[in-house]
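Values in this text are rule-based calculations from the coordinates and carry no lab data. From a predicted model like this one, the values you see are computed outputs, not experimental measurements. Virtual Cβ from ideal backbone geometry, glycine too; neighbours counted across all protein chains shown.
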Amino acid sequence: MVADSGPLLALFNSADHWHLRVLGWLQANAQATLLTTWPVLTEVCALLTRRVGNAAALDFLRWGQRGGFTLDAPTPQALPDALAQVLQISERFHDLPFDLADASVAQAAARLGLRHGWALRHVLRDGWLS
């Protein structure tokens, strides 16, 4: 499952109203593999530092290092195509609050053929991966 920043932020911020739901889902689905992207990592670390503190951002990175998530990163050779796809997705959803992290998640999911995504901030339109 590809994960946007919302659930990851909630997991490491006990004051977030989604925290217990996210934690409960992860505990109930311990076999699930969470895939995320560099833009999401950047967003999560920046927001955790601002909202909770630098220790929370470091805890998040340590969790990833221990296998909490899998990082999808394009190879240097694939980067031009990945950027073109991110731009195409961003242009398609220009009328929504859709940032680089969102577009990178959609691009990774489309490229890998993943049909399950985890986001809390907004509901994506039907067919967002097609």
Inset, instruction - Give the angle, between 0 and 90 degrees and rounded to the nearest 10, that separates the Cα long axis of helix 19-28 from the longest principal axis of the Cα atoms of the chain. - result: 80 degrees
Inset, instruction - Give me the net charge of THR36's neighbourhood, meaning all other residues with Cβ under 11 Å from the Cβ of THR36; Lys, Arg count +1, Asp, Glu -1. - result: -3
Inset, instruction - Would you calculate a helix-derived [θ] at 222 nm for the chain, using -39,500 (n - 2.57) for each DSSP H run of n ≥ 4 and dividing by the full residue count, to the nearest 500? - result: -16500 deg cm²/dmol
Inset, instruction - About the Cα centre of the stretch 1-112, how large is the charge dipole given +1 on each Lys and Arg Cβ and -1 on each Asp and Glu Cβ? Please answer in debye to the nearest 20. - result: 380 debye
Legend entry - Cα long-axis angle, helix 79-92 against the chain (0 to 90 degrees, to the nearest 10): 90 degrees
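The stretch 1-40: which chymotrypsin sites (Phe, Trp or Tyr not before Pro) are DSSP loop and have at most 10 other beta-carbon atoms within 10 angstrom? Before the final figure, lay out the partial values.
Details: sites: PHE12, TRP18, TRP25; in loops: PHE12, TRP18.
Qualifying residues, ordered by number: none.
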Inset, instruction - Extending each Cα 7 Å along its Cβ direction at LEU58 and LEU26, get the distance between those two points in nm, one decimal. - result: 1.9 nm
Inset, instruction - Enter the angle in degrees (range 0 to 90, nearest 10) between the Cα long axis of helix 100-112 and the first principal axis of the Cα atoms of the chain, meaning the one along which they spread out most. - result: 70 degrees
Inset, instruction - Return the long-range amide H neighbours of LEU35 (sequence gap of 5 or more, or a different chain), with a cut-off of under 5 Å between placed amide H atoms. - result: VAL2, ALA3, THR70
